[in-house]
Amino acid sequence: MALDALTSDGAIVAIRPVRPADRAALSRLYHEASPESLRLRFFAAPSAASLDAEVDRLCAPESDSHVAMVASEGETPVGVASCGSPDHTGRRAEFAVFVADAHRGRGIGTLLLEHLAARARRHGIEELIGEVLPGNAAMLRVARDLSPDGWSRFDAGIVDVGVAMRDDTIGPAVDARDRAAERASLRAVLSPTSVAVVGAGHRPGGVGHETLRAIREYGFTGRLHAVNRSGATVAGVPACRSVLDLPGPIDLLVVAVPADQVADVLADGAHVGVRGAIVLSAGFSEDGDEGRRRQHDLLRLARRHGIRLIGPNCLGVVNTDASVSLDACFAPHEPATGGLAIAAQSGAVGIALLEQDLGVSTFVSLGNKADVSGNDLIAYWYDDPATRAVALYLESFGNPRKFARTVRALGRRKPVLALKSGRSDAGRRAGASHTAAAAAPAATVDTLFAQAGVVRPDCLGDLIDAARMLTDQPLPAGHRLGVVSNAGGLNVLAADTAEGAGLTVPPLTTSGNPLDLGAGASPSAFAAATAAVAGSGETDMLLVIVIGTRANDSAATAAAVGRVADDHPNLPLAAVLIGGDVRTTRLGGRGAPVYESPERAVRAFGHAAAYAEWRRQPLGRRPVLTGIDAGRARSAVRRALAEGGGWQTYERTVEILGAYGIAVLPAMTAISGVAALTAANRLGYPVVLKSADPSLVHKTDTGGVRLGLTGPDQVRRAYDAVSAAGRPGSGVLVQRQITAPVELVAGVAHDPLFGSVVLLGLGGVHTDLLGDRALRLVPMTDLDAGRMWRGLRAAPLLTGYRGSAPVNTIALEDLLLRLGRLAEDFPEVAELDLNPVLAGPDDVVAVDAKLRLAPAGAEPDPILRSLRPAELSREETPS
């Protein structure tokens, strides 16, 4: 299947493996190339026969020793890349890239190499090597850009280059290229110089008419046209009968015609140079099978012509930048200008956000998000100087792993708030193991957001409140909240809410906290108290609550507090104004936010403090793990899948885990009572007998485990009971019984969208009842591993609770990192359950291990640069 991707100038190319049917087109690509391009590729002027031989090589079937990818714009190949002839290790292969003369300098060679590297990894190739002429600066730059940690050396007039292909090596550079391409691609949609509204009729109240009027009245700085059947002027805007009649090139079409006419409009738009389209029309994927087919065909049409598409079934787009002033949206009111960027899948939620006077930089209603999604916009907003914070309303994910990477990078410089619908358990998939059940989609989304530093409010109101706090206010330096008010009861509510929001309300050196000034407090008293607390250095944020009464001047008090806020620009400050005649959402020149209640203000402070703490923390690094033999594990996994996959025997599970340095308590398999007794005598008492049936996941619940067996008679009786719990002939596992201060559970669960999740929790038979767990998505850093066990409620048990010996947390972190690396390397690990894991002062060892393997599907690559696949049906995280 072809993947669409963006070139550095924002155009769209399709990249896919070379097929034999490409022979004629690739032959033209080479035979039409300039002599200089051919010399740089082949080091000499190639003959026609040698070019034909090269094309034959490219069109050969893909294998472990040959991979070739072609990039096409429309139907025309514009570049090709290949690798082959691996060395004796099978992990290094020689690569070559060729791009048509007219398309050089557009980043196509780099794109091809990225996709080639991803494809080659499936064949076990870890490094691409090549030979480049010293004068081929473009190719040397491509290799350097792809892998900053690559190598090069000059030898005998040739530059040898090596391109490492680890995600952690190439990821940051790929992300930077992706952001630049997205900004170039979305410029026609978000910063157009010319717009045409198609379907803008004369009747007020129609979607097209009202959208056209909104664009004109908001003061769009570019050229504006209308298209309708009559061709007559609409709302003072000149009109044409057809898109084909529009004067000059058009950047953006805003389409408001019936669904069955949209494709024709877009096809006409391609002929007049349209680069972006906002489809307001409904009747697509939200409207059954016919609508899904219509949306699929529309997206394929847009991709063929290099048109970026917002919607369909959307509310529109807003850009408040004075150099653009675009309100291509049929929301009822004009948006206020500010620093918050908003992307919403729901038009109703979008309207609710726009109504709140939040101050918007850009707003995008994603609708069905056939093309442009939250991932594209996150990349665009990364370098957008007008955007200081981002708010997302998401009903589904397309590529959650890419979302995690892009939003984590954005979150290090700008707050990202997200409201994800579908938090109930109704859509949770069933999982047989403890790990799979714990890593259900809702919990996985929570994990994704937490690792990426996303602020996740519980409801729309909390999202609005947090956005007010995070868009224009400084970040708090800690979690200490100061409260000044003239209402003791509201002080109590603020203090009570603070604890649940992760904040403290510490006593101050010179006054109480909260500080009650009394109902009749004057503006000067409020100003003096607020200034004293703000300047004390004993609080990280300050809430001022003003209750208007007949005995005070609430308007003057609000103004005085606003002046104090301006005098302390580095301290987050918010106000609650109740009673009186003050009606404002901001105080002072800096716009300190005003809330309707203390609880809402304190929860917003809590979100800001949690985000600031995440931003202060280092991200960590992917450590080097010794003693890993991925080749041995790969062989075992391939054998298992060839036999049908599913739950694996204990022996094979131990083999795969051992290849990654994961310690599991040895066990002996016995298929008779005599063999079980022999094994027990050899291991030494006391022993444990467990069913060896790999399909018996919850052994304790089904009588498949007997503990504390101290002699031969107990072993004989236990064998009969345990073997009966499993399938006939499965036998039993015999292990020496060991103990440790703490029992944990650890494991892996794989989701085709989110990727693999590593779990740690309190173990034993009560693990599901207690629910004390921590989850992390791979790839994991060293700091992720430490944060996992520290995040457990039972963490004190690991550090020496009430005089007990602390467990070896270094060994525990090593176990978690090795589980993460195994899961990262092998998405075929569908479920892995280590329960219990015995953690003691000296070591951490898994006593039981259950592993289920399944073929890895065509999953979205978090590194690979590509647009949303134009598939007829697409599985996404349910809303």
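The values are calculated or read from the model by the stated rules, or taken from the named source; none is laboratory data. Predicted, not measured: the structure shown is a model, and the values here were computed from it. Counting neighbours? That spans all protein chains shown, and the Cβs are built from the backbone with ideal geometry, glycine included.
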Can you go through Glu127, Glu73, Glu94 and tell me which one is among the charged types (D, E, K, R), touching a Gly at 6+ places or on another chain (Cβ under 8 Å) and within 21 Å of Arg23 (Cβ to Cβ)? Glu73
Assigned to a strand (DSSP E or B) and under 12 Å from Val13 (Cβ atoms): is that true of Val97 in this structure? no
Would you call Arg122 among the basic types (Lys, Arg) and either touching a Leu at 6+ places or on another chain (Cβ under 6 Å) or crowded, with 16+ Cβ neighbours inside 10 Å (or both)? no
Of the listed residues (Thr799, Thr767), the one being over 26 Å from Ile863 (Cβ atoms), among the β-branched types (Val, Ile, Thr) and modelled with pLDDT of 90 or more is Thr799
Grab the strands (runs of 3 or more DSSP E) fully contained in the range 185-299, keeping just those with 3 or more residues being over 18 Å from Cys314 (Cα atoms), at pLDDT 95 or above and among the hydrophobic types (A, V, I, L, M, F, W, C). 223-227
Condition met for Val55 (of a type in the set (Val, Ile, Thr) and more than 30 Å from Ile307 (Cβ to Cβ)): yes
Could you tell me whether Ser723 is of a type outside the set (Val, Ile, Thr) and assigned to a loop (DSSP other than H, G, I, E, B)? no
Would you please list the contacts, defined by Cβ atoms under 8 Å and residues six or more apart or on different chains, that run from a residue in the range 477-488 that is in the same structural domain as Thr530 (by TED's automatic domain parsing) and closer than 7 Å to Leu543 by Cα to a residue that is modelled with pLDDT under 95 and of a type in the set (Val, Ile, Thr)? none
State yes or no: is Ala746 surrounded by 15 or more Cβ atoms within 10 Å (Cβ to Cβ), within 48 Å of the chain's Cα centre (by Cα) and either assigned to a loop (DSSP other than H, G, I, E, B) or hydroxyl-bearing (Ser, Thr, Tyr) (or both)? no
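Suppose we keep only residues that are of a type outside the set (Gly, Ala, Ser) and under 29 Å from the mean Cα position of the chain (by Cα) within the range 328-339. Which one would you say is nearest to Arg213 (Cα to Cα)? It would help to see each step written out before you state the result.
Taking the range 328-339 first, the residues of a type outside the set (Gly, Ala, Ser) are 329-330, 332-335, 337.
Add one more test, that the residue is under 29 Å from the mean Cα position of the chain (by Cα), and what stays is 329, 335, 337.
Details: Cys329: 10, Pro335: 14, Thr337: 19 Å.
Among residues in the range 328-339 that are of a type outside the set (Gly, Ala, Ser) and under 29 Å from the mean Cα position of the chain (by Cα), the one nearest to Arg213 (Cα to Cα) is Cys329.
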Taking Gly726, is it in contact (Cβ under 8 Å) with a residue 24 or more places away in the chain, of a type in the set (Gly, Ala, Ser), farther than 28 Å from Gly771 by Cβ and surrounded by fewer than 20 Cβ atoms within 10 Å (Cβ to Cβ)? no
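Would you please name the residue that is modelled with the highest pLDDT, looking only at residues in the range 462-478 that are in a loop (DSSP other than H, G, I, E, B) and crowded, with 21+ Cβ neighbours inside 10 Å? Walk me through it before giving the result.
Residues of the range 462-478 that are in a loop (DSSP other than H, G, I, E, B), as a first pass: 473-478.
After this cut, where a residue has to be crowded, with 21+ Cβ neighbours inside 10 Å as well, the list is 473, 476.
Working: Gln473: 94, Pro476: 98.
Residue satisfying both the conditions and the ranking: Pro476.
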Exactly one of (1) surrounded by fewer than 24 Cβ atoms within 10 Å (Cβ to Cβ); (2) more than 28 Å from the chain's Cα centre (by Cα) is unmet by Glu286. Its number? (2)
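Condition test on Arg57, is it in contact (Cβ under 8 Å) with a residue 24 or more places away in the chain and either in contact with a helix residue (DSSP H, G or I) (Cβ under 6 Å, 6 or more places away or on another chain) or under 16 Å from Val163 (Cα atoms) (or both)?
Criteria not met by Arg57.
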Qualifying residue in the range 387-403 (condition: out of contact with any helix residue (DSSP H, G or I) (no Cβ under 8 Å at 6 or more places or on another chain), modelled with pLDDT under 85 and of a type in the set (Gly, Ala, Ser)): yes
Residue in the range 45-61 that is farthest from Ala96 (Cα to Cα), counting only those that are in contact with a strand residue (DSSP E or B) (Cβ under 8 Å, 6 or more places away or on another chain) and surrounded by fewer than 17 Cβ atoms within 10 Å (Cβ to Cβ): Ala60
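Quick check: is even one residue across the range 280-300 of a type in the set (S, T, N, Q), over 24 Å from Asn228 (Cβ atoms) and free of Cβ contacts under 8 Å to residues at least 40 places away in the same chain?
Among the residues of the range 280-300, not one is of a type in the set (S, T, N, Q), over 24 Å from Asn228 (Cβ atoms) and free of Cβ contacts under 8 Å to residues at least 40 places away in the same chain, which makes the answer no.
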From Gly488, Gly548, Gly520, residue being touching a helix residue (DSSP H, G or I) at 6+ places or on another chain (Cβ under 9 Å), over 30 Å from Phe397 (Cα atoms) and surrounded by fewer than 20 Cβ atoms within 10 Å (Cβ to Cβ): Gly548
Of all residues in the range 55-66, which are at pLDDT 95 or above and in contact with a Ser or Thr (Cβ under 9 Å, 6 or more places away or on another chain)? Val55, Arg57, Leu58
Scanning the range 629-653 for residues that are surrounded by 13 or more Cβ atoms within 10 Å (Cβ to Cβ) and in contact with a helix residue (DSSP H, G or I) (Cβ under 7 Å, 6 or more places away or on another chain) gives Ala630, Arg632, Ala633, Ala636, Val637, Ala640, Gln648, Arg652
Quick one: Thr89 ticks every box in (1) at pLDDT below 95; (2) under 21 Å from Glu127 (Cα atoms); (3) surrounded by 14 or more Cβ atoms within 10 Å (Cβ to Cβ) bar one, so which box is it? (3)
Selection from the range 444-461 of residues that are touching a helix residue (DSSP H, G or I) at 6+ places or on another chain (Cβ under 9 Å) and assigned to a loop (DSSP other than H, G, I, E, B): Gly453, Val454, Arg456, Pro457, Asp458
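Can you name every residue in the range 228-243 that is among the hydrophobic types (A, V, I, L, M, F, W, C) and either within 18 Å of Glu210 (Cβ to Cβ) or surrounded by fewer than 12 Cβ atoms within 10 Å (Cβ to Cβ) (or both)?
Result: Ala232, Val234, Ala235, Val237, Ala239.
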Give the residues of the range 666-683 that are outside any strand (DSSP E or B) and within 50 Å of the chain's Cα centre (by Cα), sorted by residue number. Pro666, Ala667, Ile671, Ala676, Ala679, Ala680, Leu683
Taking first residues from the range 67-82 that are under 16 Å from Arg300 (Cα atoms) and second residues anywhere that are among the polar types (S, T, N, Q) and buried (at least 21 other Cβ atoms within 10 Å of the Cβ), the pairs with Cβ under 7 Å that are 6 or more apart or on different chains are none
For the range 194-213, does any single residue satisfy the condition of being crowded, with 19+ Cβ neighbours inside 10 Å and at positive phi? yes
Does the range 36-58 contain any residue that is within 30 Å of Ala188 (Cα to Cα), assigned by TED's automatic domain parsing to the domain that holds Val99 and acidic (Asp, Glu)? no
Residues that are among the aliphatic types (A, V, I, L, M) and surrounded by fewer than 17 Cβ atoms within 10 Å (Cβ to Cβ): does the range 688-703 have at least one? no
